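The values are calculated or read from the model by the stated rules, or taken from the named source; none is laboratory data. All values reported here derive from a predicted model rather than from experimental measurement. FYI the Cβ positions are ideal-geometry reconstructions off the backbone, even for glycines, and counts take in every protein chain you see.
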Amino acid sequence: MTAHPATSTAFTGSEPHLLVRTFETLEQMEAVKDAWQDLETRDPEGTVYLSWRWMQAIFRNNPWRWRVFAAFHGKDLVCVFPVKYRVHWSDTHNQFQTEMEAAGRLAFSEYSGFLCDPAYEQAALHQIAQRMQQLPWTRMSIRYEDSRARAKRFLSAFSPAEFSAKEKPYFINKGKTDNLVCPRVKLPESYEEYLVGLGRNMRTKIRRFGRKYIDSGEMAVKWAKGPQVPPMVDRLLEMWLQKWGPIKGADNARKGAQNYRQMLMQAAELGLLRMPSLWQGDRCLAVLAHVVDPQHRKVHFVVTGRDDSFDGNQVGPLLHAATVRWAISENYEVYDLCHGDEAYKFGYGAVPQRVNYFTVRRLNPALGPGMLDPICLPRTLERITAQLETGKSEAALAGCKQLLSLTQARRV
């Protein structure tokens with residue numbers, strides 16, 4: 001397979017003319033590493049989950065499952081949109097179809113979306129959308145896009161005559177939790193100032209718990225470092241499974257734990273994982289995991305594991321307070337409690353901020369450039385093999401004919 005050649009797209013009105021290119025190999029991306037890192041410094045809405053360091057690990061570990069759409073103004077990289085490719089079998093059309101998600105989901109990133117230079121945002125999003133419409137796919141679903149206006153600007157480039165482009169809600173826990181709300185704490189210059197800004201009940205609780213359990217030596221907060229990290233990740237996920245296994249079901253819980261493990265270990269390898277744990281003697285009561293963003297001065301809370309056999313309400317306040325104290329001492333500016341508007345998060349001084357979830361679907365894929373992108377050939381072959389192994393010979397035959405047709409079309 002080869003990358004699509006550099007392609008310029010149409011522009012309208014007073015938009016600057018940009019060159020939109022696509023990349024799908026690690027070698028191609030290494031060539032724009034410096035430009036990508038320079039773009040990070042120009043994007044006030046960027047996140048660690050779109051940084052070169054984070055995405056390069058994803059590119060390396062997932063060949064032929066991603067593509068990057070990149071917009072250039074002259075030699076300057078002004079926007080990137082990394083996407084993940086998946087293969088969907090359509091019973092209705094009796095064929096495989098290409099679908100897209102955010103590339104960050106290959107490592108279960110907390111946030112996704114676009115890295116943009118604000119000066120070129122509108123033009124870049126419009127022209128990247130135009131380029132994407134020239135490629136074969138049937139559906140795109142982007143969850144946890146974290147910007148104020150980029151999702152709307154991107155969606156506006158899709159013609160309603162050809163595409164259904166929608167912003168969507170996303171609730172979990174039987175509709176009780178809005179998972180697109182991300183409570184975030186703006187951190188002051190001192191820990192004491194943080195405590196003063198809390199509600200009276202939480203402020204009193206944190207101070208009292210600190211004196212009673214930490215200052216007295218009955219409990220201790222420890223931070224995993226170096227070789228301590230992998231076993232601490234294991235301990236966190238064991239406790240997480242004990243709680244969520246009966247609720248989510250064993251298979252779903254194990255899959256969720258594996259997803260967390262992948263993300264946390266990637267963060268650890270990049271030096272971006274911070275894990276405080278609360279101990280009573282030799283007994284670990286709870287562990288929190290955070291991904292830190294040194295460039296944008298944010299600490300992202302990801303997941304917790306707790307020994308539910310321990311009866312006490314001091315665990316959460318002690319660990320979150322310890323994290324906030326550490327973050328302030330290291331000059332971080334935001335403590336992000338991430339997805340979900342659970343009530344307890346607002347007790348720590350968080351205010352709600354909403355992220356985006358949108359989908360784009362071709363209304364009539366047969367009239368477009370096709371349904372299956374050549375980048376999906378390896379995954380499609382895997383799916384055909386699985387169909388044969390499970391006795392779905394008719395579907396496998398249809399898939400083989402589809403691949404043959406696609407191969408012949410590429411030779412023309």
> List the pairs whose first member sits in region 374-394 and is free of Cβ contacts under 8 Å to residues at least 12 places away in the same chain, whose second member is hydrophobic (A, V, I, L, M, F, W, C) and assigned to a helix (DSSP H, G or I), and whose Cβ atoms are under 7 Å apart, counting only residues at least 6 apart or on separate chains?
Replying inline: LEU388/ALA396
> Among ARG261, ARG207, which is within 19 Å of the chain's Cα centre (by Cα) and either outside the structural domain of PHE301 (by TED's automatic domain parsing) or surrounded by 12 or more Cβ atoms within 10 Å (Cβ to Cβ) (or both)?
Replying inline: ARG261
> What number of residues within region 230-247 are among the hydrophobic types (A, V, I, L, M, F, W, C) and either closer than 19 Å to ASN173 by Cα or touching a helix residue (DSSP H, G or I) at 6+ places or on another chain (Cβ under 7 Å) (or both)?
Replying inline: 6
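Each row is one residue, and each column tells you yes or no for (1) in the same structural domain as LYS248 (by TED's automatic domain parsing); (2) under 26 Å from SER51 (Cβ atoms); (3) modelled with pLDDT under 95.
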position	(1), (2), (3)
LEU115	no, yes, no
ALA119	no, yes, no
LEU125	no, yes, no
TYR144	no, yes, no
ALA157	no, yes, no
SER164	no, no, no
LYS186	yes, yes, no
GLU192	yes, no, no
ARG211	yes, no, no
>> Quick check on my filter: what residues within region 351-374 are surrounded by 19 or more Cβ atoms within 10 Å (Cβ to Cβ) and part of a loop (DSSP other than H, G, I, E, B)?
In response: VAL355, MET371, LEU372, ASP373
> Looking only at residues in region 63-97 that are among the charged types (D, E, K, R) and surrounded by fewer than 22 Cβ atoms within 10 Å (Cβ to Cβ), which one is nearest to ALA123 (Cα to Cα)?
Replying inline: ASP76
> In region 127-148, what residues are under 10 Å from CYS79 (Cβ atoms) and of a type outside the set (A, V, I, L, M)?
Replying inline: GLN127
> For region 276-336, which strands (runs of 3 or more DSSP E) that fit wholly inside it have 3 or more residues that are over 19 Å from the mean Cα position of the chain (by Cα) and outside the structural domain of ASP146 (by TED's automatic domain parsing)?
Replying inline: 276-280, 283-293
> Between residues in region 103-119 that are among the β-branched types (Val, Ile, Thr) and residues that are surrounded by fewer than 20 Cβ atoms within 10 Å (Cβ to Cβ), which pairs lie under 7 Å by C-beta distance while being six or more apart or on different chains?
Replying inline: none
> Is it the case that GLY391 is outside the structural domain of ARG297 (by TED's automatic domain parsing), at positive phi and either of a type in the set (Val, Ile, Thr) or at pLDDT 95 or above (or both)?
Replying inline: yes
> Taking the stated definitions as given, is ALA268 outside the structural domain of TRP36 (by TED's automatic domain parsing), under 26 Å from ALA343 (Cβ atoms) and not aromatic (Phe, Trp, Tyr)?
Replying inline: no
> Could you say which residue among VAL196, VAL221, VAL229 is aliphatic (A, V, I, L, M) and loosely packed, with under 12 Cβ neighbours inside 10 Å?
Replying inline: VAL196
>> Can you tell me which of (1) of a type in the set (Gly, Ala, Ser); (2) at pLDDT 95 or above; (3) out of contact with any helix residue (DSSP H, G or I) (no Cβ under 6 Å at 6 or more places or on another chain) is the one ALA250 doesn't meet?
In response: (2)
>> Go through (1) in contact with a strand residue (DSSP E or B) (Cβ under 9 Å, 6 or more places away or on another chain); (2) touching a residue at least 40 places away in the same chain (Cβ under 8 Å) for LEU241 and report which single condition fails.
In response: (2)
> Counting just the residues of region 139-172 that are touching a residue at least 40 places away in the same chain (Cβ under 8 Å) and of a type in the set (S, T, N, Q), which one comes out nearest to GLN97 (Cα to Cα)?
Replying inline: SER141
